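In what follows, a structure is listed as structure tokens, so that the remarks can point back to it.
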Amino acid sequence: SARKRMANRWTASVSYSYNDTPQHYDSANAYEDPTNIENLDGGQYAPESTSSGIGNVFVNAKWIFRASGVYQTPLWDINVAGFYNARSGYPFIQSIQTPSRANGAGITSVYLDVLGDNRLPTYQGVDFRIDKSFTLYNRVKVVPAMDIFNLFNGNTELSIRGTQNASNANTISSILAPRVIRFGVRVTF
């Protein structure tokens, strides 16, 4: 990562991260259900996230790149800021759901690939902000602002249904939210 502090009317921050999180199952004591061991052993650690209410999102980015910056214009001291965020796509897990297994073992999903070998498309997003600070009555500061999220209105697939023997196999279940423009005012005193 690198950062330039505010000087000469601009500041910037850039970071890059590469991640490799293989998981290993060296003995039968390392797992309870051996169903997917051949596709989990050596595959990426990618826990399934369900916090947003959307299933089959396996959180694991191989790389992440971020850049942000602010420039303060000489005319009227208007702040113009941008944020670029990119990361590799999360793993796309294709599986087959089994019928109910014997001895009360229930159903399970059998992975078709090593976890992390297939991935969703690369995510890229650009956000933009413009604001201006005003001081009133020596102590009250007012900052009107406009933010634009997903500036270029990208529509990257964030999750796809991976159960191959289901009627909704390979359908997109979530995409990047559309462009949003927000106007606001912050008042401090």
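The values are calculated or read from the model by the stated rules, or taken from the named source; none is laboratory data. Keep in mind that this is a model prediction, so the values were computed, not measured. Here the Cβ is made from the backbone with ideal geometry for all residues, glycine too, and neighbour counts use every protein chain on show. Note: accessible area is taken over every heavy atom of the protein model, side chains too, but ligands, DNA and RNA are not part of it. Shrake-Rupley method; radii C 1.70, N 1.55, O 1.52, S 1.80 Å.
General remarks:
- All positions within region 137-189 that are open to solvent by 40 Å² or more (accessible area, probe 1.4 Å), in a strand (DSSP E or B) and among the charged types (D, E, K, R): Lys141, Glu157, Arg182, Arg186
- Condition met for Arg119 (at pLDDT 95 or above, open to solvent by less than 80 Å² (accessible area, probe 1.4 Å), under 30 Å from Asn165 (Cβ atoms) and not aliphatic (A, V, I, L, M)): yes
- Selection within region 1-28: residues that are under 24 Å from Ile107 (Cα atoms) and modelled with pLDDT under 85. The member of this set that is surrounded by the fewest Cβ atoms within 10 Å (Cβ to Cβ) is Ser27.
- Inspection of region 29-39 identifies at least one residue that is open to solvent by 60 Å² or more (accessible area, probe 1.4 Å), touching a strand residue (DSSP E or B) at 6+ places or on another chain (Cβ under 9 Å) and not aromatic (Phe, Trp, Tyr).
- Some residue of region 85-102 being open to solvent by less than 50 Å² (accessible area, probe 1.4 Å), under 25 Å from the mean Cα position of the chain (by Cα) and of a type in the set (Lys, Arg): yes
- Qualifying residue in region 137-148 (condition: within 26 Å of Ala61 (Cβ to Cβ) and touching a Leu at 6+ places or on another chain (Cβ under 8 Å)): no
- Cβ-Cβ distances below 8 Å connect the following pairs, each with a first residue in region 23-51 that is assigned to a loop (DSSP other than H, G, I, E, B), a second residue that is open to solvent by 100 Å² or more (accessible area, probe 1.4 Å), and a separation of six or more residues or different chains: Gln23/Tyr45; Asp41/His24; Gly42/His24; Gly43/Asp117.
- Exclusive hit being modelled with pLDDT of 95 or more and either under 30 Å from Arg186 (Cβ atoms) or not in a loop (DSSP other than H, G, I, E, B) (or both), set Ile96, Ile64: Ile64
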